[in-house]
Amino acid sequence: MFFLSAAWALYVLLKPVNKNIALLFVLLNLGGVAVQCFSMLNLFAGLTLLGGADYLKIFQADQLQAQAMLFINFYKNGFIMAQIFYGAWVFPLGYLVFKSGFLPRILGVFLMVDCFAILIWFFQYFLFPGCGIISYPCWVISAIAEFSLTLWLLIKGVKERQEVR
């Protein structure tokens, strides 16, 4: 909920720059949140299997543990799949930050590069699962981009616009 609220606050802030692109990044964010929430159900399913309910006593302990691990792996894959949406939403966000005029352009560039870093991380996970080292630079890029925007907004804020009368 906090992530979706943050996206909405950014939408309100950046809507004057381009309403359609701002709506696009909110919808992409919403898609990622929906996929991640749906994948959370797999964690609850795994916990239910290990909860010790009477109706589960017909299964052996190792069977229940194997099924629980299956659901945990489903959650992990769902989390990674949500990154397609999370990666895609930072590009229009970065574009709007770049075009805004009231936020530093370099933050917009960082966010647009972050889009590609997240997508590299996504493709690495599914196409080259044994090469996790590919993702390490991507995580650094993401951390720099997203924390820079967060810190800028927390510390500096945005410039007030002067209305012409």
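Suppose the filter is surrounded by 14 or more Cβ atoms within 10 Å (Cβ to Cβ) and free of Cβ contacts under 8 Å to residues at least 12 places away in the same chain; does L93 pass it?
Working: surrounded by 14 or more Cβ atoms within 10 Å (Cβ to Cβ): yes; free of Cβ contacts under 8 Å to residues at least 12 places away in the same chain: no.
No: the conditions fail for L93.
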Just to be sure, is G52 more than 18 Å from the chain's Cα centre (by Cα) and at positive phi? yes
Residue match in the stretch 110-128 (condition: outside any helix (DSSP H, G or I), free of Cβ contacts under 8 Å to residues at least 12 places away in the same chain and more than 25 Å from L4 (Cβ to Cβ)): yes
Between F79, F98, F44, which is within 27 Å of I118 (Cβ to Cβ), free of Cβ contacts under 8 Å to residues at least 60 places away in the same chain, surrounded by 19 or more Cβ atoms within 10 Å (Cβ to Cβ) and not basic (K, R)? F98
Of the candidates V12, V17, the one satisfying the condition of being within 23 Å of L103 (Cβ to Cβ) and either in contact with a strand residue (DSSP E or B) (Cβ under 6 Å, 6 or more places away or on another chain) or not in a helix (DSSP H, G or I) (or both) is V17
Given (1) over 20 Å from K156 (Cα atoms); (2) surrounded by fewer than 17 Cβ atoms within 10 Å (Cβ to Cβ); (3) of a type in the set (A, V, I, L, M, F, W, C); (4) modelled with pLDDT under 90, W121 misses just (2)
Among the residues of the stretch 32-68 satisfying the criterion of being more than 29 Å from G87 (Cα to Cα) and of a type in the set (V, I, T), which is modelled with the highest pLDDT? T48
Looking only at the stretch 51-109, count how many residues are farther than 29 Å from L4 by Cβ and basic (K, R). 1
Select, from M69, M40, the only residue that is out of contact with any strand residue (DSSP E or B) (no Cβ under 6 Å at 6 or more places or on another chain), farther than 27 Å from E146 by Cα and either polar (S, T, N, Q) or assigned to a helix (DSSP H, G or I) (or both). M69
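The values are calculated or read from the model by the stated rules, or taken from the named source; none is laboratory data. None of the values given here were measured: they were computed from a predicted structure. Heads up, the Cβs are rebuilt from the backbone with ideal geometry, glycines too, and the neighbour counts pull from every protein chain shown.
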